[in-house]
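Input: a single structure, listed below in structure tokens.
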Amino acid sequence: MTDLPDVSGLTIGILGGTGDQGKGLARRFHLAGHKVIIGSRNAERAQQAADEIGVRGAENTVTATESDIVIIAVPWDGHKATVESLKSELAGKIVVDCVNPMGFDKQGAFALPVEEGSAAQQAAAILTESRVVAAFHHVSAVLLLDPDVAEIDLDVLVLGEDREATDTVQALASRIPGVRGIYGGRLRNAHQIEAFTANLISINRRYKAHAGIRLTDV
């Protein structure tokens, strides 16, 4: 594994932190010693979610402005509007997109087409002054939130154009006990990472599990 930077002092903002995945990531980074801000369009709702795990809640613009790294964990249908509304606040920052564009029908989950190729590429097309990284797509919110789960057996695939940014996010992922951050390529390959979440949902439903990904020989 490549030597990764020390990220222990970074403040992490999570847009969409009132949802289970965002709240779960907030909880784990808080436990790892990070200052964490949960963001929402509604500051009161953000603080309610934040109180559950002992962190700070704020309106999205405040969260984006005051955080060193910002994770986008909003629902897909609100992704573009959220990113567009925070373009100036996110300028110059590492922005981690973990949104999975998916639909659901009687046959289960399926990946949705995205004009730009992927949610991460959509974010990058809008946030031209930010360093967009794709990561945290396959982590189970149930495991993140479970106080009885001390370690999570998972590799987080990290994709991006900026080596310093992907190294930073790999290091951030590795702050969660049991998790490794693994470089997974450039953003043009983010679509299959996002889409694979639909396969994991199918696996988890069939086997009543919270499956993730482990890579061999790395």
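Residue pairs whose Cβ atoms lie under 8 Å apart, sitting 6 or more positions apart in sequence or on different chains, and linking a residue in the stretch 88-101 that is surrounded by 23 or more Cβ atoms within 10 Å (Cβ to Cβ) to a partner that is hydroxyl-bearing (Ser, Thr, Tyr), are 90/130; 94/130; 94/168; 95/130; 100/197. Of the residues screened, residue 53 is one that is surrounded by fewer than 24 Cβ atoms within 10 Å (Cβ to Cβ), among the aliphatic types (A, V, I, L, M) and either closer than 27 Å to residue 155 by Cβ or touching a residue at least 24 places away in the same chain (Cβ under 8 Å) (or both).
Return the residues of the stretch 56-72 that are in contact (Cβ under 8 Å) with a residue 60 or more places away in the chain and of a type in the set (Gly, Ala, Ser); say none if nothing qualifies. Break it down stepwise before answering.
Start the filter on the stretch 56-72 by keeping residues that are in contact (Cβ under 8 Å) with a residue 60 or more places away in the chain, which leaves 69, 71.
None - no residue of the stretch 56-72 is in contact (Cβ under 8 Å) with a residue 60 or more places away in the chain and of a type in the set (Gly, Ala, Ser), so the list stays empty.
Per-residue answers, yes or no, for (1) in contact with a Cys (Cβ under 8 Å, 6 or more places away or on another chain); (2) under 21 Å from residue 103 (Cβ atoms); (3) surrounded by fewer than 17 Cβ atoms within 10 Å (Cβ to Cβ); (4) at pLDDT below 95:
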{"residue": "120", "(1), (2), (3), (4)": "no, yes, no, no"}
{"residue": "127", "(1), (2), (3), (4)": "no, no, no, no"}
{"residue": "136", "(1), (2), (3), (4)": "yes, yes, no, no"}
{"residue": "143", "(1), (2), (3), (4)": "no, no, no, no"}
{"residue": "149", "(1), (2), (3), (4)": "no, no, yes, no"}
{"residue": "188", "(1), (2), (3), (4)": "no, no, yes, no"}
{"residue": "195", "(1), (2), (3), (4)": "no, yes, no, no"}
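The values are calculated or read from the model by the stated rules, or taken from the named source; none is laboratory data. The model shown is predicted, which means the values in this text are computed figures rather than measured ones. Glycine also receives a Cβ, built like all others from the backbone with ideal geometry; neighbour counts cover every protein chain displayed.
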